[in-house]
Amino acid sequence: MGVLRSIGLFVVAAMAEIGGAWLIWQGIREHRGLIFAGLGVLALGAYGFVATLQPDPHFGRILAAYGGVFVAGSLLWGMLVDGFRPDRWDLIGAACCLAGVAVIMYAPRG
């Protein structure tokens, strides 16, 4: 159950960070206003709190693994929200990143 909880936390963290960055992008780059940007700042703050809920006690390990989740999540966000269509190299790269996440977070340790 610990692995499933951890994966769920990574998904929530990705939604908060990627969504927050997207909201700021919309507020500033797409001229949608400071409310969008302010909501983005709040979402980015929420990401920081969610990351602390991971069961592993090592900050560096959590953030390193989250980097791979961020890569894959960003491509997925782009597909679902912005109509981005990744090519096979994007998908291969994301798969490599997620494999790295699995090794970093869930490899057996003594």
Cα pair distances of the chain binned at 5 Å [whole percent]: 2, 12, 19, 21, 18, 14, 8, 3, 1, 0, 0
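By per-residue mean of other Cβ atoms within 10 Å, what is the highest-first order of 12-21, 35-44? Could you put the intermediate results ahead of the total?
Numbers: 12-21: 19.7, 35-44: 15.5.
Packing proxy ranking, top to bottom: 12-21, 35-44.
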Which order results if ILE92, ILE104, ILE28 are arranged by neighbouring Cβ count within 10 Å, fewest first? ILE92, ILE28, ILE104
Compute the distance from the alpha-carbon center of segment 62-78 to that of segment 1-26, in whole Å. 8 Å
Using Cα pairs closer than 8 Å and at least 6 residues apart in sequence, work out the relative contact order for the chain, in percent. 26 percent
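Since every read-out is calculated from the coordinates, none of them should be taken as a lab result. Computed from a predicted structure; not experimentally measured. Ideal geometry is used to build each Cβ from the backbone, glycine not excepted, and the neighbour counts take in all protein chains shown.
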